[in-house]
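What follows is a set of notes on a single structure, which appears directly below.
The values are calculated or read from the model by the stated rules, or taken from the named source; none is laboratory data. Please read all numbers here as calculations on a predicted model, not as lab measurements. Quick reminder, even Gly has a Cβ in these numbers, built from the backbone with ideal geometry, and neighbours come from all protein chains shown. The accessibility values were calculated without ligands, DNA or RNA, using every heavy atom of the protein model including side chains. Shrake-Rupley method; radii C 1.70, N 1.55, O 1.52, S 1.80 Å.
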Amino acid sequence: MIELKNICKRFGNVEVLRDVDLCISDRLVTSVVGPSGAGKSTLLQILGTLDRADSGRVLYDGVDVAGLNDRRLSAFRNDNIGFVFQNHQLLPEFSLVENVAMPALIGGTGHAEAIRRASELLDRMGLGNRLTHKPSELSGGEAQRGAVARALVNNPRVVLADEPSGSLDSKNRRQLHGLFFDLCRDLGTTFVIVTHDESLAADSHCIVHIADGRIVSVEDRREKSAKVNSEINQTN
């Protein structure tokens, strides 16, 4: 689905990514792990077209999106990629349902339809009774589930998450992790998650290990993951 080819990125004299080649498979949960400063977040930003590599190619289904101009790239990003960050980054002046509907409105969806989509997603995530609440009135777990709903409102093919459970307690971390796998299974959404959480990485279908700006290894865990075995059993 997504390919990075010979990606290099520098900030000043610091080489953050060096000759990175990576393929992200469709309809799987992939975790990116490595020590602080390894280049994980920069890799995710380049995957998500939020930043441009100094050299190399970013391909979605064989199309090099790095060649798009800013306007077309912004439209591509809004239509195809959802983002979840460590802090939910919900806008404090808007209600939860308005926050979730925002990417759809930006993409040109009518107000009523955007609110309907947002409401359905929030209801699916157990937040149907929180639609009109402001972010300050939500718990950390509720706000982060709202951020996931916002990432999904345009039905993107891939959701990129940067330490999404880093600010949550253990109970909310487990709930959020379970939600990712449920959405991957039920909606066919691809998830790429930068994480220090070993339990999330261990459950992932694929683990990308990165150190010193290079991909050290890519571990296919589809045969080992209990989540995948459960999915296969349900399919059968």
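Any chance the range 65-85 includes a residue that's open to solvent by 20 Å² or more (accessible area, probe 1.4 Å), among the aromatic types (Phe, Trp, Tyr), touching a helix residue (DSSP H, G or I) at 6+ places or on another chain (Cβ under 7 Å) and not in a loop (DSSP other than H, G, I, E, B)?
There is at least one residue in the range 65-85 that is open to solvent by 20 Å² or more (accessible area, probe 1.4 Å), among the aromatic types (Phe, Trp, Tyr), touching a helix residue (DSSP H, G or I) at 6+ places or on another chain (Cβ under 7 Å) and not in a loop (DSSP other than H, G, I, E, B).
Between a first residue in the range 122-150 that is touching a residue at least 12 places away in the same chain (Cβ under 8 Å) and a second residue that is aromatic (Phe, Trp, Tyr) and in a loop (DSSP other than H, G, I, E, B), which pairs have beta carbons less than 7 Å apart while being 6 or more apart in sequence or on different chains?
none
Could you please find all residues in the range 184-206 being open to solvent by 10 Å² or more (accessible area, probe 1.4 Å) and under 16 Å from Cys23 (Cα atoms)?
Residue satisfying the conditions is Cys206 alone.
Report whether or not Asn99 is in a helix (DSSP H, G or I), of a type in the set (S, T, N, Q) and surrounded by fewer than 20 Cβ atoms within 10 Å (Cβ to Cβ). Quick ask: steps written out before the conclusion?
Details: in a helix (DSSP H, G or I): yes; of a type in the set (S, T, N, Q): yes; surrounded by fewer than 20 Cβ atoms within 10 Å (Cβ to Cβ): no.
So Asn99 does not fit the description; no.
What number of residues within the range 12-22 are free of Cβ contacts under 8 Å to residues at least 24 places away in the same chain and open to solvent by 70 Å² or more (accessible area, probe 1.4 Å)? Before you say what the answer is, go through the steps one by one.
Within the range 12-22, the first condition is being free of Cβ contacts under 8 Å to residues at least 24 places away in the same chain, and the residues that meet it are 12-14.
Keeping just the survivors that are open to solvent by 70 Å² or more (accessible area, probe 1.4 Å) gives 13-14.
Number of matching residues: 2.
Spot the failing condition for Thr49; the list is (1) under 16 Å from Ser217 (Cα atoms); (2) open to solvent by less than 20 Å² (accessible area, probe 1.4 Å), and only one is missed.
Looking at each condition in turn, Thr49 falls short on (1).
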